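Below you'll find the structure, written out as structure tokens, and then a few comments.
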Amino acid sequence: MKILVVDDEKDVKDLFLQRFRKEIRSQEVTFMFAYSGEEALNTLDSLTHEAVLILSDINMPGMSGLELLEKIKSGPHKPTPTVMMITAYGDDDNFNTAKRLGADDFLTKPVDFKLLKKKLLKT
């Protein structure tokens, strides 16, 4: 499974690579990282006809995660990627907006990696 993590915090890469070490070694998952919504769209454009799961932060400078979600769900990418939104704010407004825009799941920071692994490995 290809997973694109979108977060403006650069240290998130080390965290994911550390927490998914076993799954990466066994080739259950492959991670790619983008540090902005624009970079995420460019990455998606380069992956023709590959299924991708996206984990996106909501609050990012420039294009927000919600704007990215809207572009992904209405865009040309086939198959349409599964998108899980991740935010430090578990408020109803972000949750409802993300669901309305087509988010497949919603997680809060700090990320519970046991829960995330459970969700990802059954997706």
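Some points to look at:
- Cross-link reach is defined here as a Cα-Cα straight distance under 17 Å, omitting same-chain residues fewer than 8 places apart; for Lys10 the lysines meeting it are Lys109.
- Fewest-first sequence of Ile24, Ile86, Ile72 by Cβ atoms within 10 Å of each Cβ: Ile24, Ile86, Ile72
- Taking a point 7 Å from the Cα of Thr43 along the Cα-to-Cβ direction, none of the residues of region 67-106 has its backbone N closer than 12 Å to it.
- Selected from Leu66, Leu15, Leu41 as most flexible by GNM, with the chain as the system and alpha-carbon contacts under 10 Å: Leu15
- Order of Asp8, Asp93 - criterion: other Cβ atoms within 10 Å of each residue's Cβ, fewest first: Asp93, Asp8
- Distance from region 33-61 to region 90-114 (C-alpha centre basis), Å: 17 Å
- For the residues Asp105, Asp57, Asp11, a GNM of the chain with alpha-carbon springs under 10 Å puts the largest fluctuation on Asp11.
- Value of relative contact order over the chain, rounded to a whole percent, pairs C-alpha under 8 Å and six or more apart: 23 percent
- In the elastic network of the chain, a GNM with C-alpha springs shorter than 10 Å, the most mobile of Pro81, Pro110, Pro61 is Pro110.
- Where only C-alpha atoms are counted, convex hull volume of the chain per residue in Å³: 97 Å³
- Built amide H within the under 5 Å cut-off of Met63, gap 5+: Gly37, Glu38
- Per-residue [θ]222 nm for the chain (sum of -39500 (n - 2.57) over DSSP H runs n ≥ 4, rounded to 500): -11500 deg cm²/dmol
- Long-range amide H partners of Thr108 with built H, under 5 Å: Thr87
- Placed amide H near His77: partners under 5 Å, 5+ positions off or other chain: none
- In a DSSP loop and with at most 15 other Cβ atoms within 10 Å, the GluC sites (Glu not before Pro) in region 1-104 are Glu9, Glu28, Glu50.
- Per-residue 3J(HN,Hα) values for region 102-108, derived from phi via the Karplus relation 6.51 cos²θ - 1.76 cosθ + 1.60 with θ = phi - 60°, read x, 4, 8, 6, 9, 10, 10 Hz in sequence order (x marks Gly and Pro).
Values in this text are rule-based calculations from the coordinates and carry no lab data. Not measured: the values here are computed from a predicted model. Don't worry about glycine lacking a Cβ; one is built from the backbone with ideal geometry, like all the others, and counts go over all protein chains shown.
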